[in-house]
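A short write-up of the structure that comes next.
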Amino acid sequence: MPPSMQSTVAFTLTQSDRREEPPSNALTRLLDELRLAIQDRGFGTTKIDISSLGYGGFGIPLSTGRIGVSLWPDRQSNSSWQIWILYNRSRLQRLFRIPTPADVSEKLQHIRQTVAEFLVLKEAHQVQWISVKEAHERLPR
């Protein structure tokens, strides 16, 4: 998979947005706000799924697969998060080695831009686009 098919951004919320709430409520609230921002850009989304492991996400269905957007806690602090953006093709397309359509890169770029603008609106700081390896290393243990 080309590196541009997956992106991860790590960030910390500002003190003014930091609320005294259970982590699962913060996760649900942030995912809902992000999902609405993406829907406002004209993308359809699936419902939000929350994992018992402390992360959640939703999908953006495409005719050739789906873009997954998930929110994970980051070890940097209790108000730090990671947003993962990943394009997945169907197994059948991978099996028959059907090339990824050109418009997928454009759609991924629109999602990345939407996420970047969302983080500006949330007044996030320490925003860093990080590698997949670093994202995995920064997950809570």
### Residue among VAL69, VAL120 that alone is among the β-branched types (Val, Ile, Thr) and surrounded by fewer than 14 Cβ atoms within 10 Å (Cβ to Cβ)
VAL120
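When only residues in the range 8-24 that are farther than 13 Å from TRP72 by Cα and not in a loop (DSSP other than H, G, I, E, B) count, which is modelled with the lowest pLDDT?
Here is the first cut: in the range 8-24, the ones farther than 13 Å from TRP72 by Cα are 13-22.
After this cut, where a residue has to be not in a loop (DSSP other than H, G, I, E, B) as well, the list is 15-17.
On the way: GLN15: 53, SER16: 43, ASP17: 46.
My answer is SER16.
Sort out which residues of the range 121-141 are in a helix (DSSP H, G or I) and not hydrophobic (A, V, I, L, M, F, W, C), and write them in order of number. Working first, answer last.
Here is the first cut: in the range 121-141, the residues in a helix (DSSP H, G or I) are 121, 132-137.
Passing the criteria: LYS133, GLU134, HIS136, GLU137.
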### Task
Could you check how many residues of the range 22-43 are under 15 Å from GLU123 (Cα atoms) and either in contact with an Asp or Glu (Cβ under 7 Å, 6 or more places away or on another chain) or not aliphatic (A, V, I, L, M) (or both)?
1
### Task
Would you mind stating whether GLU134 is under 23 Å from THR28 (Cβ atoms), among the acidic types (Asp, Glu) and out of contact with any Leu (no Cβ under 6 Å at 6 or more places or on another chain)?
no
### Query
Can you name the residue in the range 26-56 that is polar (S, T, N, Q) and closer than 12 Å to VAL69 by Cα and, of all such residues, is surrounded by the fewest Cβ atoms within 10 Å (Cβ to Cβ)?
THR46
### Task
From (1) modelled with pLDDT under 90; (2) surrounded by fewer than 16 Cβ atoms within 10 Å (Cβ to Cβ); (3) touching a Gly at 6+ places or on another chain (Cβ under 9 Å), pick out the condition that doesn't hold for PRO61.
(1)
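The values are calculated or read from the model by the stated rules, or taken from the named source; none is laboratory data. What you are looking at is a predicted structure, and each value in this text was computed from that prediction instead of being measured. Please note: Cβ atoms are built from the backbone with ideal geometry, for glycine as well, and neighbour counts cover all protein chains shown.
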